[in-house]
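Any read-out appearing in this document is the output of simple, stated calculations on the displayed coordinates, not a laboratory observation. All values reported here derive from a predicted model rather than from experimental measurement. Please note: Cβ atoms are built from the backbone with ideal geometry, for glycine as well, and neighbour counts cover all protein chains shown.
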Amino acid sequence: MNRINSNINLGAKIEPGIDPVNAKLKFWEDLIYKLECDSNNRGIMIEHPVSILLADCLRQNYNINLRYLSTFLNTKKNSLNNQVPNNIESLCSYGEGTYSQLNYALQGLLLSETISPSCIKLLENSIFLKNLITDIAAHIGQSMSIATTLIRLKYFANKKNSIYLPIDLMLKKNLSQEQLLKIFQGYIDKDSKEFINISNSLSDLVFEMATVANDHLLTARSKFSKVKQEIQTILKDNSNDAYLLSCSDKWLQGVPDAIYIPFMSAIPLQIYLGKLETHNFDIINNNLETKEWRLAWKSYWNYNKRLF
């Protein structure tokens, strides 16, 4: 699913005079539409490696819901008309329509009959468990939207000459786009009083955004604790189900891969928010742009401990 997100800017043949962003979105919309229309799973008109993989999943009867991908594309398209969010809630709503949709799609795919029949049986015993894992995916997606906005802030200022931050927070901190562009593009002396004032206000703004992102992660973790408890309750209530009990012996920390893996996208979020805190939410600090060597190790450690 992340491959779809990262490839959203690739693959489209753009003709002169056509808006490139709309052309790329239209390219992916057409591919999804062709897959939806391919009721016989013949793989007609497949034009891109990602769509080939999606078509193959459909042919093998994997549980992949293209509706989530359509919602993802529609949200991306609708956001073009209002590129600057009015408030932090708008960012969360955008995250629900994009990153959360990819999380839902990955959840559905992993909960295919041929991949994880034991997990399907587990969820059939508890609507509460099913709702919990959906809620967790939603909170992680909204947190991702906020964190991604912060990560891209310096890039957009330097390469796109634009500032993508909630308008209400900028007004609250008495910041203007012109001020932020100047500070990111190096037009203000770092030793000047003006730079210090703008930098401090920006750090306060970043702190508020990071706090909301972290709150979503904390909520997701709280719900994940309930997931672990609910799984144990289901196993206890179905102590005569030899198949379910046999499969549960292979689950790390009592949680199957199919349920846990979609939540691993929260691990890089946790690392980034931690780095922000370490550097006092100074988004201008170049140390925030260094590659995170701990990601592979932390992913492995969290995977085995079933944490995020």
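Here the contact order of the range 130-248, divided by its residue count and restricted to Cα pairs under 8 Å and six or more residues apart, works out to 37 percent.
Ranking of 187, 104 by neighbouring Cβ atoms within 10 Å, starting from the fewest: 187, 104.
Among 96, 277, the ranking by other beta carbons within 10 Å of each residue's beta carbon, starting with the fewest, stands as 277, 96.
Taking the number of Cβ atoms within 10 Å of each Cβ as an exposure proxy, the fewest-first ranking of 126, 265 is 126, 265. Helix 99-110 and the long axis of the chain differ in direction by around 20°, with both axes built from C-alpha atoms.
Quick one: angle between helix 193-237 and the longest Cα principal axis of the chain, in degrees between 0 and 90, rounded to 10, please. Long axis of 193-237 versus the principal axis of the chain: about 10 degrees.
Residues within the reach of a label modelled at residue 130 (point 7 angstrom out along Cα to beta-carbon, backbone nitrogen below 18 Å), restricted to the range 195-227, are 227. With θ taken as phi - 60° and the Karplus curve 6.51 cos²θ - 1.76 cosθ + 1.60 applied, the whole-hertz 3J(HN,Hα) list for the range 83-93 is 6, 9, x, 6, 7, 5, 5, 5, 5, 5, 5 Hz, x standing for glycine and proline. Farthest towards the positive end of the charge dipole of the range 178-308, among the residues 251, 266, 195, is the Cα of 251, using unit charges on the Cβ of Lys, Arg, Asp and Glu. Rounded to the nearest 0.05, what FRET efficiency do residue 232 and residue 182 give with R0 = 45 Å and r taken as the Cβ-Cβ distance? Could you check? Computed FRET efficiency for residue 232 and residue 182: 0.20.
Normalising the average separation of contacting C-alpha pairs (under 8 angstrom, six or more residues apart) by the number of residues puts the relative contact order of the chain at 17 percent. Summary of packing: across the peptides 53-59, 157-163, 211-217, the per-residue average of other C-beta atoms within 10 Å ranks them, highest first, as 211-217, 53-59, 157-163. Computed from Cα atoms, the angle from the helix 20-37 axis to the main principal axis of the chain rounds to 10 degrees. Stretching the chain fully between residue 70 and residue 83 yields a gain of 2.7 nm (0.36 nm per residue, less the alpha carbon separation).
Specify the inter-centroid distance of the range 183-201 and the range 142-181, based on alpha-carbon positions, in whole Å. The range 183-201 and the range 142-181 have Cα centres spaced 15 Å from each other. For the pair the range 250-264 and the range 65-122, the centres of their Cα atoms are 20 angstrom apart. Counted residue by residue at 0.36 nm each, then reduced by the alpha carbon distance between them, the extension gain from residue 37 to residue 204 reaches 55.2 nm. Can you tally the net charge around residue 76? Count Lys and Arg as +1, Asp and Glu as -1, for every other residue whose Cβ sits under 12 Å from the Cβ of residue 76. Local charge sum for residue 76: +2.
Karplus-derived 3J(HN,Hα) values for the range 166-182, using 6.51 cos²θ - 1.76 cosθ + 1.60 with θ = phi - 60°, are x, 4, 5, 6, 5, 5, 4, 8, 6, 10, 10, 4, 4, 4, 5, 5, 5 Hz; glycine and proline are entered as x. Only one item in (i) 143; (ii) 151; (iii) 346 matches volume of the Cα convex hull per residue in Å³ derived from the coordinates shown, and that item is (i). Summing Cβ point charges (Lys, Arg +1; Asp, Glu -1) relative to the Cα centre of the chain gives a dipole of roughly 400 debye.
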